[in-house]
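Okay, structure first, notes after.
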Amino acid sequence: MHVGEIKFTDCANGPGVRISMFVSGCTNCCEGCFNTETWDFNYGEEYTEGMEEDILQELSLDYYAGITILGGEPFEPQNQRVLVGLIRKIRERLPKKDIWMYTGFTYDKDLIEGGRKHTEVTDEILSSISTLVDGKFILSKRNLMLNFRGSENQRIIDMEKTLDTGSVVLSPLND
């Protein structure tokens, strides 16, 4: 997996001060995407254990609310298989930090068992994150007034409540 950029002290991709990691590789290729360079799976730097340790060390600082993983596309199968390791370590070492992930795929279509982007680690990832922002960016539905998303079709999903109830529960941040 490659990483296009890591932003420390980001406030645009989730509530509070966060680390935002933009992974590379995306097959959605949404028209109007703000980050087209990350469509290339080889864009940026190769993800390493050293990079992971730097992220974990920085994230341990008190002022961080959590981390946001976006892209590119974190739920491309090859990215999932790397990201699950980082997510496990965050849950072990920093259990109070929240984890947001963005995907152009749809949770209840593409990421469920049998979905086209479901892998052997997808369920573990989804059960370990607090929030999933799902849905392709659709240029004709762009709305700059929305919280933490770019187009009106995208949803901010409370993953803990969604998994508890068995149906999609939207975060109040959708309002």
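Observations on the structure shown:
The rows are residues; the columns are (1) touching a strand residue (DSSP E or B) at 6+ places or on another chain (Cβ under 8 Å); (2) buried (at least 20 other Cβ atoms within 10 Å of the Cβ); (3) modelled with pLDDT of 95 or more.
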{"position": "E124", "(1), (2), (3)": "no, no, yes"}
{"position": "F137", "(1), (2), (3)": "yes, yes, yes"}
{"position": "S151", "(1), (2), (3)": "yes, no, yes"}
{"position": "I157", "(1), (2), (3)": "yes, yes, yes"}
{"position": "S167", "(1), (2), (3)": "no, no, yes"}
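Each row is one residue, and each column tells you yes or no for (1) surrounded by 16 or more Cβ atoms within 10 Å (Cβ to Cβ); (2) in a loop (DSSP other than H, G, I, E, B); (3) touching a Gly at 6+ places or on another chain (Cβ under 8 Å).
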{"site": "K109", "(1), (2), (3)": "no, no, yes"}
{"site": "T119", "(1), (2), (3)": "yes, yes, no"}
{"site": "V133", "(1), (2), (3)": "yes, no, no"}
{"site": "S140", "(1), (2), (3)": "no, no, no"}
{"site": "F148", "(1), (2), (3)": "yes, yes, yes"}
{"site": "K161", "(1), (2), (3)": "no, no, no"}
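- In the stretch 96-116, the count of residues that are among the basic types (K, R) and touching a residue at least 40 places away in the same chain (Cβ under 8 Å) is zero.
- Filtered residue count, the stretch 1-37, keeping only those that are of a type in the set (G, A, S) and under 20 Å from S151 (Cβ atoms): 4
- Residue within the stretch 122-129 that is in contact with a helix residue (DSSP H, G or I) (Cβ under 6 Å, 6 or more places away or on another chain), within 21 Å of V3 (Cβ to Cβ), in contact (Cβ under 8 Å) with a residue 12 or more places away in the chain and part of a loop (DSSP other than H, G, I, E, B) present: yes
- Residues (under 25 Å from D110 (Cβ atoms), over 15 Å from the mean Cα position of the chain (by Cα) and assigned to a loop (DSSP other than H, G, I, E, B)) located in the stretch 4-46: T27, C29, C30, E31, G32, C33, F34, D40, F41, N42, Y43, G44
- Residue in the stretch 49-71 that is of a type in the set (G, A, S), in contact with a helix residue (DSSP H, G or I) (Cβ under 6 Å, 6 or more places away or on another chain) and in contact (Cβ under 8 Å) with a residue 12 or more places away in the chain present: yes
The values are calculated or read from the model by the stated rules, or taken from the named source; none is laboratory data. Remember, predicted model here, so these are calculated numbers, not experimental data. So basically every Cβ, Gly included, is an ideal-geometry build from the backbone, and we count neighbours across all protein chains shown.
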